[in-house]
1. Any idea of Val269's accessible area? Nearest 10 Å², probe 1.4 Å.
2. Count charges around Lys243 for me, please; just the other residues with Cβ under 9 Å from its Cβ, Lys/Arg as +1, Asp/Glu as -1.
3. By its C-alpha gyration tensor, with a ≥ b ≥ c as the square roots of the eigenvalues, how is the stretch 188-277 shaped: rounded for a/c under 1.5, else prolate for a/b larger than b/c, else oblate?
4. In what sequence, highest mean first, do 293-299, 235-241 appear when ranked by Cβ atoms within 10 angstrom?
5. Let me know the shape class of the stretch 353-418, please: from the alpha-carbon gyration tensor, a ≥ b ≥ c as square roots of the eigenvalues, rounded when a/c is under 1.5, otherwise prolate if a/b is greater than b/c, or oblate.
6. With charges set only on the Cβ (+1 for Lys and Arg, -1 for Asp and Glu), what does the dipole of the stretch 353-418 come to about its Cα centre, in debye to the nearest 20?
7. Label points 7 Å out from Cα along the Cβ direction at Val55 and Lys222: separation in nm?
8. Highest mean first, what order results for 278-286, 250-258 on Cβ atoms within 10 Å?
Amino acid sequence: MGSIDTPTITENGSTQSYAAAAPADDNQRPLASSNGAQESEATKKRRTGIHPLEVGTRVMCRWRDGKYHPVKVIERRKLQSAEPSDYEYYVHYTEFNRRLDEWVKLEQLDLDSVETVVDEKVEDKVASLKMTRHQKRKIDETHVEVGHEELDAASLREHEEFTKVKNIATIELGRYEIETWYFSPFPPEYNDSLKLYFCEFCLNFMKRKEQLQRHMRKCDLKHPPGDEIYRSGTLSMFEVDGKKNKVYGQNLCYLAKLFLDHKTLYYDVDLFLFYVLCECDDRGCHMVGYFSKEKHSEESYNLACILTLPPYQRKGYGKFLIAFSYELSKKEGKVGTPERPLSDLGLLSYRGYWTRVLLDILKKHKGNISIKELSDMTAIKAEDILTTLQSLELIQYRKGQHVICADPKVLDRHLKAAGRGGLEVDVSKLIWTPYKEQS
């Protein structure tokens, strides 16, 4: 199976492509030419007398890498033209995550490959290609559809129907223009806007650049509207109370939903605290990502939602946010776990964090150690520790109890595979009082 690029982000006019490995050449098809030199007779007939492709049609589509990938038509719309073939089609690349869905023109579709009757079992079959380990990791991060495990079939269909077409194509946030990944339920007056302009400090959003420029001349904020609870070097963390800063909290949810597929958008933000991580310079504090948590969680959730914005991904910020949530749990004297379901990238980040934290302890610890002791040391819930150690094959069930098998050579091998641990949280720089103790 080939991989595919993640959305492109431009900074000050230059393009940064967060690219995965390109698909193998055997997925290359000849591009249709305007003079018909490479077009079959059947294709030329279809181009001259085609009816609009039906929603649900399966076909091969030429992507921005110049190669063809299997897609399913999700939606279509008529262009302002008298030609019957002048439709745009919103397609889902069936090998990959929904974040890569997009509108395409008819000329990008290989009409010889049109399938109107589809065997659903075929959809899940992906060509097996030889890949390097690096390519495989990239594909895992792009392809895996995780995060809907707790939705029943009817709820999943309803979710996908309601959110099937991205309503906002790009946003401008600070110095970045970012391609969005998913649908977000902005108010109806923004239905005709393909691009939105966000104030990077208060997160108000507008339809036009001129509106943003006028707003920025009046906006007094240079950081999120909350208490700074952590500062180390150029990194700062702000705690924002959703009840005290309701509009900011709602705007943050609108923004985050553009990059999170599975999360419910909470309009009632009063019950949540938002922890916004920023890179700071002489212009202000620029949001990198955030996590939220309920003020009072009966299920011991220490995190409700987590997001690192695309321009800042692959820099260790995701694991930093996770580590920070557990440092808050330690301050509270509780064990914690993230709210389920997790997004695909969220799950990868958590697995990496749990693995490295537990392996570091096991490598340094002398003698036996129990899961309960590991949980007390890390604030990680016992069930998460158990599943992580089981996935690493570091635990056995003997005489009615789980026994950790920490062979040093095995630990070293797993640590090497786990990669770097991300940015460290300097606990000495954290100044924070748990919510329940605040007056």
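The values are calculated or read from the model by the stated rules, or taken from the named source; none is laboratory data. Just so it is clear, the model here is predicted, and its values are computed rather than measured. No Cβ is skipped: glycine too gets one built from the backbone with ideal geometry, and neighbour counts run over all protein chains shown. Protein only, heavy atoms only, side chains kept; ligands, DNA and RNA dropped before computing areas. Shrake-Rupley method; radii C 1.70, N 1.55, O 1.52, S 1.80 Å.
1. 0 Å²
2. Working: positive: Lys244, Lys246, Lys295; negative: Asp241, Asp270.
My count for the surroundings of Lys243 gives +1.
3. Working: a/c = 1.87, a/b = 1.22, b/c = 1.53.
The shape class here is oblate.
4. On the way: 293-299: 13.7, 235-241: 21.0.
In descending order of packing, they fall as 235-241, 293-299.
5. Values: a/c = 1.40, a/b = 1.18, b/c = 1.19.
Rounded.
6. Using Cβ point charges on Lys, Arg, Asp and Glu, the stretch 353-418 gives about 220 debye.
7. 5.0 nm
8. Values: 278-286: 15.6, 250-258: 21.9.
Ranked by mean Cβ neighbours within 10 Å, highest first: 250-258, 278-286.
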